[in-house]
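Working notes, beginning with the structure itself.
The values are calculated or read from the model by the stated rules, or taken from the named source; none is laboratory data. Because the structure is a prediction, the values reported are computed rather than measured. FYI the Cβ positions are ideal-geometry reconstructions off the backbone, even for glycines, and counts take in every protein chain you see. Heavy atoms of the whole protein, side chains included, go into the accessibility calculation; ligands, DNA and RNA do not. Shrake-Rupley method; radii C 1.70, N 1.55, O 1.52, S 1.80 Å.
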Amino acid sequence: MLTPTHGYTQYDELIQEDPEFGFRINHHLYKDEEVFQEEMDRIFYKGWVYIGHETEIPNPNDFVARVMGQRPVILCRGEDNEIRVLENKCRHRGNTVCQEQRGNSKFFRCAYHGWIYSNTGGLAEMTHPSAYGERLPAEGELDLLEAPRIGVHRGFIFASLAAEGQPFEEYLGRAADYIDRYCDLAPDGEIDLSAGRHGVSYEGNWKMQMENLTDAYHAEFTHATALAAFAANSSAGKGKFSDRGDLEDEISTMRDLGGGHVVLDGFELNRAQGENLQFTGSTGTLTEEIVGKIAEREGSREKAVWLTHGGGSHITVFPNLMILWDAVRTIQPVSLHKTVIYYHPAQLKGASQEINTARIMAHQAGFGPAGFLAPDDMEMFERTQAGTISDTDPWVYLNRGLSTQRLEKDDFGVEAITSQYLGETTQRGVWRHYKKIMSGE
Amino acid sequence: MNKVATAESMDLRSEIENFLYREARLMDQHKFEEWEALWSDRAVYWVPCAHDSDPMTEVSLIYANRAGISLRLGRMKSKAMYAQDPRSICSRVVGNIEIYPRDDGGVDTYSTFNITEFKRRANITRQLTWSGHSEHQLSRHGDEWLMDYKKVTLINSDGEIPALGFLV
């Protein structure tokens, strides 16, 4: 059994690296309530988390309801056009003050005793204040609590509930390059997440999805039926799922960018394959539209071909943002054993509606609760969770690619720990960072 | 809409009700080929995500034409669609059927459904309920009715829902 000291889990006992056995993690991490609560505190409340995108709240007074960790919050653009993350909790009795998922409102009103807050967080009206007498709270004392720090990069909004800590740019680190690349493949250099979202729930721990996006190993097996279907349907799958053969062994792809950010870097693989416009969702005549518009922007057709044929980013940004193909995903932990994944199709600003509709269609064929890919992932997460009940051997060994990984320059010319396609460098990268955060380093 | 029934209209109602009940059974029993045969070549199969959305500019749970339906069913027939291995045991009730004959001889229908889904996996069992309504557009092809259009609205379609691996 583990021996807790100071009432906290000993993460160096649960995530271990050693020349003898390599790299291993303990199943305890997926099923212990104390671990989950410590994750909420150290990762989701003290750290930076992705909260939403500017295009979801384009106008003054727009808002979307979100959850940070387990806490309900409102991501809103105030009357003053400032973006804020407000705790969705009345300062009187603690009721949630916003029940809608999205909308446009200057005020949030608590229905219990009628307190009204402006969308800049201020308490605009306290009903019958005279009853407080001399104990009337001071101006500003009972405003909605606000995330003290907000960071925005290319429209992606991150927030931290801690007033002090790692600066935003340092947190985002090398993930910024990959977010930039994703946006650069839109003719106007921006993506648009206003096409709605899918929410898929599974009965399993949130970290299973965190590890899964950059697990290339499972695709051939978990997604066998989807790969077969897409290969048979050239319009939906051209260049996306065709057989890459030995290329996957020859071209390095799994990269640990540090800070818990990991990528399945397919840029060189895609270019070597000759044609790959998976990110743009474009085929046939639509291809020329994207390449042409980007060539105009960049002043170079060669660069446009290099960019578009490299495809989009495939990245997990610690702890809860994922970007792949036609959509941006977020992980929402609900409880120790329950998680929701939200998928937001990403439209390309400056592209024709024909292309963006094709992207929405390509996304929904794969993902969402009835897609060709997501349900099989959720099934695997639930089976993993079901298996963790057995403690006879609680260890998961993540040794694939460990003996061959090395420092290698990525598409941006920066060195990253790298292994071949079927390596587990990405899982190790996530867990190393997790251990650091959870150990309070 | 509150017209007095005639023998003819009662016959039509009975035919259409039978169609919808049979469709429900084929979906419960995972009879993919027989269900596919209920579609005409004009098929549009739509399961919206947000209510009142536009499938061309907003994400749906499913939006498929005839070829897309075939592709989807091809995957569902496979044992390697793990989200349905083993397959869910489903029982659904279709009710509140409204039938609106069109001038072209076809009919539009509105009906509600309640589905109970049972899943068993190794050491876990789960029973879920799904609910919503369907809008069908049917037309006559020779001596049979076929679906040209089917829109299925789940009451929780824009919420957080588990994998939807069986037919709705």
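Within the stretch A:336-365, the residues that become at least 30 Å² less accessible when every protein chain is included than when their own chain is isolated (1.4 Å probe; DNA, RNA and ligands ignored) are A:Thr357, A:Ile360, A:Met361, A:Gln364.
Within 10 Å of the Cβ of each residue in A:91-104, the mean number of Cβ atoms contributed by other protein chains is 0. Counts of other chain beta carbons within 10 angstrom of each beta carbon in peptide A:219-229 average 4. With R₀ fixed at 25 Å, the C-beta to C-beta distance from A:Asn81 to A:Leu145 puts the FRET efficiency at about 0.75. Determine the distance separating the Cα centre of the stretch B:2-20 from the Cα centre of the stretch B:30-99; give it in Å without decimals. Distance between centres, Cα-based: 26 Å. Each residue of the stretch A:38-47 was assigned a 3J(HN,Hα) from its phi angle through the Karplus curve 6.51 cos²θ - 1.76 cosθ + 1.60 (θ = phi - 60°); the sequence is 5, 5, 4, 5, 7, 8, 8, 9, 8, x Hz, with glycine and proline shown as x. With a Cα cut-off of under 14 Å and a minimum spacing of 8 residues unless on different chains, the lysine pairs in the stretch A:174-438 number 4.
For the listed peptides B:19-30, B:122-133, a ranking on the average number of other beta carbons within 10 Å per residue, highest first, reads B:19-30, B:122-133.
What does the buried accessible surface come to for B and A, summed over both chains, with the probe at 1.4 Å? Round to 100 Å².
2800 Å²
Working note: 222 nm ellipticity from helices only, DSSP H runs with n ≥ 4, each -39,500 (n - 2.57), summed and divided by the residues of the protein assembly as shown, gives -7500 deg cm²/dmol to the nearest 500. Amide H contacts for A:Met68 (H built 1.01 Å from N in the peptide plane; partners 5 or more residues away or on another chain; cut-off under 5 Å): A:Val73.
Based on Cα contacts under 8 Å between residues 6+ apart, chain A shows a relative contact order of 20 percent.
When the P(r) is computed for the stretch B:61-148, the part past 23 Å accounts for 45% of the Cα-Cα pairs.
Across the stretch A:27-99, Cα pairs under 8 Å and at least six residues apart give a relative contact order of 19 percent.
Accessible surface computed residue by residue for the protein assembly as shown, with neighbouring protein chains in place and a 1.4 Å probe, gives 43 Å² per residue. Shape class for the stretch A:1-107, computed from the alpha carbon gyration tensor (a ≥ b ≥ c): prolate, with a/c not under 1.5 and a/b above b/c. Ignoring solvent entirely, what values of log10 I(q)/I(0) come out of the Debye formula for the stretch B:7-154 at 0.17, 0.19 Å⁻¹ when each Cα is a single scatterer? So the normalised log intensities work out to -1.09, -1.33.
Here the Kirkwood formula puts the hydrodynamic radius of the stretch A:49-160 at 14.3 Å, using every distinct Cα pair.
Write down the Kirkwood hydrodynamic radius of the protein assembly as shown, to one decimal in angstroms, obtained as one divided by the mean of 1/r over all alpha carbon pairs. List each step's numbers first, then the result.
Working: mean 1/r = 0.0381 Å⁻¹.
Hydrodynamic radius (Kirkwood, Cα only) of the protein assembly as shown equals 26.2 Å.
Here the calculated FRET efficiency for A:Arg93 and B:Asp143, from their Cβ-Cβ distance with R0 = 56 Å, stands at 0.25, rounded to the nearest 0.05.
Only alpha carbons enter this Debye calculation for the stretch A:174-438, each as an equal point scatterer, and the log10 of I(q)/I(0) it gives at q = 0.11 Å⁻¹ is -0.59. Taking Lys and Arg as +1 and Asp and Glu as -1, the other residues whose beta-carbon sits under 9 Å from that of A:Pro333 total +1. Mean partner shielding of peptide B:55-65, defined as the number of other chain Cβ atoms within 10 Å of each residue Cβ, is 6.
Residues with beta-carbon under 14 Å from that of A:Glu125, excluding A:Glu125: net charge, scoring Lys, Arg +1 and Asp, Glu -1?
Result for the local shell: +1.
Estimated from the Cβ-Cβ distance and a Förster radius of 35 angstrom, the FRET efficiency linking B:Asp104 and A:Ser352 is about 0.55.
Can you list the aspartates and glutamates whose alpha carbon sits under 14 Å from that of A:Lys31, skipping same-chain ones fewer than 8 residues off? Here the aspartates and glutamates satisfying the reach criterion relative to A:Lys31 are A:Glu39, A:Glu203, A:Glu382, A:Asp391. Each of B:Phe118 and A:Ile389 was given a label point 7 Å from its Cα along the Cα-to-Cβ line. The distance between the two points is 1.8 nm.
When a 1.4 Å probe is rolled over the protein heavy atoms, the share of accessible surface on the stretch A:128-192 that falls to carbon and sulfur comes to 47 percent.
Counted by Cβ distance under 15 Å from A:Phe107, the other residues give a net charge of -1, where Lys and Arg count +1 and Asp and Glu count -1.
With Cα atoms defining each centre, the stretch A:111-135 and the stretch A:374-441 are spaced 49 Å apart in the structure.
At a Cβ-Cβ separation cutoff of 4.7 angstrom, cysteine residues of the protein assembly as shown with no neighbouring cysteine are A:Cys76, A:Cys98, A:Cys183, B:Cys49, B:Cys90. Sort out for me the Cα centre separation of the stretch A:60-110 from the stretch A:310-371, rounded to whole Å. With the stretch A:60-110 and the stretch A:310-371 each reduced to a Cα centre, they are spaced 24 Å. The relative contact order of the stretch B:7-154 comes to 23 percent, based on Cα pairs under 8 Å that sit 6 or more residues apart. Here the Karplus curve 6.51 cos²θ - 1.76 cosθ + 1.60, taken at θ = phi - 60°, turns the phi angles of the stretch A:91-106 into couplings of 7, 8, 10, x, 5, 5, 10, 10, 9, 7, 7, 7, x, 9, 7, 7 Hz, with x standing for Gly and Pro.
Close amide-amide hydrogen proximity is noted between A:Gly204 and A:Lys338, A:Thr339, each under 5 Å apart and 5 or more residues distant or on a separate chain (H modeled in the peptide plane; Pro and chain starts excluded).
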